[in-house]
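The values are calculated or read from the model by the stated rules, or taken from the named source; none is laboratory data. For clarity, every value in this text was computed on a predicted model and none was experimentally measured. Every residue, glycine among them, receives a Cβ derived from its backbone with ideal geometry; neighbour counts consider all protein chains shown.
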Amino acid sequence: MDVLEKEVEMTKRNKKPFSLIMFDLDHFKNVNDYFGHAAGDMVLKRVAEIVKERIRKTDCFARWGGEEFIILLPETSLNNVSDIAEVLRLKISTAKFDDVDNVTASFGATDFKESDNIDTVLLRLDNMLYEAKNNGRNCVCAG
């Protein structure tokens with residue numbers, strides 16, 4: 001949240017865009033229930049590695065809670081963030097996770113608009129994530 005607050009202030013001052021991605025591992029409770037929490041932890045770590053391999057050093061990647069993650073991408077437009085989210089979705093869905101085999105994730109993406117504050121951009125981001133889940137999961141919704 002501290003990084004997000006600073007980025008909002010920088011954007012208001014410099015008028016440079018930033019975007020956000022939020023994603024959630026689909027049916028992750030089933031991974032923990034069927035394969036155990038150690039396997040679930042391995043999946044979370046591997047997903048984090050996949051994301052870190054793709055994003056820039058200037059991007060901020062954090063666990064938002066449980067199996068939900070958020071990425072702040074400075075100087076990134078909505079078109080670009082949609083493409084990045086799709087690449088990440090594909091990389092996660094095609095990765096192998098030892099005993100678990102594979103997992104998928106649902107992605108929401110949005111950009112910060114001039115009329116936004118932290119609450120409005122996070123609400124829109126959350127809505128995009130839930131739209132992805134409602135569209136059958138393992139997809140990206142941006143807006």
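A few notes on this one:
- Residue within the stretch 43-58 that is in contact with a helix residue (DSSP H, G or I) (Cβ under 8 Å, 6 or more places away or on another chain), under 17 Å from VAL100 (Cβ atoms) and small (Gly, Ala, Ser) present: no
- The residue list SER19, SER106 contains one member that is modelled with pLDDT of 95 or more, more than 20 Å from ASN135 (Cα to Cα) and either charged (D, E, K, R) or part of a strand (DSSP E or B) (or both), which is SER19.
- Residues of the stretch 109-143 classified as assigned to a helix (DSSP H, G or I), surrounded by 14 or more Cβ atoms within 10 Å (Cβ to Cβ) and of a type in the set (Asp, Glu), total: 2
- The criterion of being in contact (Cβ under 8 Å) with a residue 12 or more places away in the chain and within 14 Å of the chain's Cα centre (by Cα) does not hold for LYS52.
- Screening PHE97, PHE69 for residues that are closer than 17 Å to ASP24 by Cβ and modelled with pLDDT under 95 leaves exactly one candidate, PHE97.
- Pick from the stretch 71-81, criterion more than 12 Å from the chain's Cα centre (by Cα) and part of a helix (DSSP H, G or I), ranking: surrounded by the fewest Cβ atoms within 10 Å (Cβ to Cβ): ASN79
- Taking the criterion of being surrounded by fewer than 15 Cβ atoms within 10 Å (Cβ to Cβ) and not in a loop (DSSP other than H, G, I, E, B), the residues of the stretch 84-103 that qualify are VAL87, LEU90, SER93, THR94, ASP98, ASP99.
- Exclusive hit being surrounded by fewer than 16 Cβ atoms within 10 Å (Cβ to Cβ) and in a strand (DSSP E or B), set ALA48, ALA62, ALA38: ALA62
- Test set (1) surrounded by fewer than 18 Cβ atoms within 10 Å (Cβ to Cβ); (2) over 18 Å from LYS133 (Cβ atoms) - GLU68 fails condition number: (2)
- Pair list, Cβ under 9 Å, 6 or more apart: the stretch 104-126 residue without any contact (Cβ under 8 Å) to a residue 40 or more places away in the chain, other residue in a loop (DSSP other than H, G, I, E, B) and crowded, with 24+ Cβ neighbours inside 10 Å: none
- Which listed residue, of THR76, THR94, THR11, is of a type in the set (Val, Ile, Thr), out of contact with any helix residue (DSSP H, G or I) (no Cβ under 7 Å at 6 or more places or on another chain) and free of Cβ contacts under 8 Å to residues at least 12 places away in the same chain: THR94
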